[in-house]
Every structure is written in structure tokens, then in C-alpha cells.
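S.K.: Supplied in C-alpha cells, the structure appears directly below.
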């Protein structure tokens, strides 16, 4: 499904939640992209639950840094052509209102340190 989506829609970056995968292998993602320029960061699943992934075409986007916790993953990088710096985050927020508030409060504190655009993807139950 991911391979078909990446190729059909000619995506440059994609964020996924609930991957339920302990470890992604380079050849799996490179096969999805159809080239060897794919890169990624992930939050590993716990006992077949959770997990998040951001994967991108390195010809389009260059990673400068990343931040992660069990419920979110953020990649700081630069769009290669325009040299525009930005942050891509994928979030899988908990069902509990109080726990969800903790996730978003944490992300707000981190965002306060960046004066660049943020793009957030994911699920907020």
C-alpha cells in the first residue's frame, strides 16, 4: 500500500502512524521509493502496537536533526531546492485527554525554540 501510494502520487515525504513494526530495514524503504536515496527516522512499536515513521526522498529533503518520544517524531530539515528549513512531525496522540494534553504541551515547548514552519501529520483521537 505505501509503495503504491509513494509511486502513484509521486510523494517526496510521507509520515505514518501505527506502523506496528519494531524495525524498518533500509531495503524495504528503498524498494518502496524505487531508488536508493530514501532516508527515514522511526519510533519503534511496542509489542505490535504504536510506532511511527517519516520517510523521504533525500534528493528533495535533507535531514538536519530529529527529536522523538514514544508518541511523536519530528524531523528538522531543509528543502534542497529552495533551502527552506522546516520541521515535519508525525503524532499519534493518546485517547486520554490528560495524556493527549501532555503530548501537545511537550511539542509546544519544543516548537517555541524554532522560528521555522512546522508541518504536523498524524492522529489526534
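The values are calculated or read from the model by the stated rules, or taken from the named source; none is laboratory data. Remember, predicted model here, so these are calculated numbers, not experimental data. Glycine gets a Cβ as well: all are built from the backbone with ideal geometry, and neighbour counts include every protein chain shown.
S.K.: Take residue 75 and decide whether it is at pLDDT 80 or above and closer than 24 Å to residue 6 by Cβ.
M.R.: Judged against the criteria, residue 75 is a match.
S.K.: Quick one: what pairs do we get from region 1-29, first residue on the phi > 0 side of the Ramachandran plot and modelled with pLDDT under 80, second surrounded by 11 or more Cβ atoms within 10 Å (Cβ to Cβ) and part of a loop (DSSP other than H, G, I, E, B), C-beta under 8 Å, 6+ apart or different chains?
M.R.: 18/50; 18/51; 20/45; 20/50; 20/51
S.K.: Here is a further query. Residue 87: part of a strand (DSSP E or B), at pLDDT below 95 and closer than 22 Å to residue 113 by Cα, yes or no?
M.R.: Here the answer is no, as residue 87 does not meet what is asked.
S.K.: Here's a follow-up. Anything in region 92-125 that is surrounded by 15 or more Cβ atoms within 10 Å (Cβ to Cβ), out of contact with any helix residue (DSSP H, G or I) (no Cβ under 7 Å at 6 or more places or on another chain) and in a strand (DSSP E or B)? List them, or say none.
M.R.: Answer for region 92-125, where residues must be surrounded by 15 or more Cβ atoms within 10 Å (Cβ to Cβ), out of contact with any helix residue (DSSP H, G or I) (no Cβ under 7 Å at 6 or more places or on another chain) and in a strand (DSSP E or B): 92, 120, 121, 122.
S.K.: While we're here: How many residues are surrounded by fewer than 16 Cβ atoms within 10 Å (Cβ to Cβ) and either in a strand (DSSP E or B) or within 11 Å of the chain's Cα centre (by Cα) (or both) if we restrict to region 68-77?
M.R.: Selection size over region 68-77: 1.
S.K.: Inside region 49-64, can you point out the residues that are crowded, with 16+ Cβ neighbours inside 10 Å, under 22 Å from residue 114 (Cβ atoms) and touching a residue at least 40 places away in the same chain (Cβ under 8 Å)?
M.R.: If the condition is that a residue be crowded, with 16+ Cβ neighbours inside 10 Å, under 22 Å from residue 114 (Cβ atoms) and touching a residue at least 40 places away in the same chain (Cβ under 8 Å), then 52, 54, 55, 56, 61 are the ones that fit.
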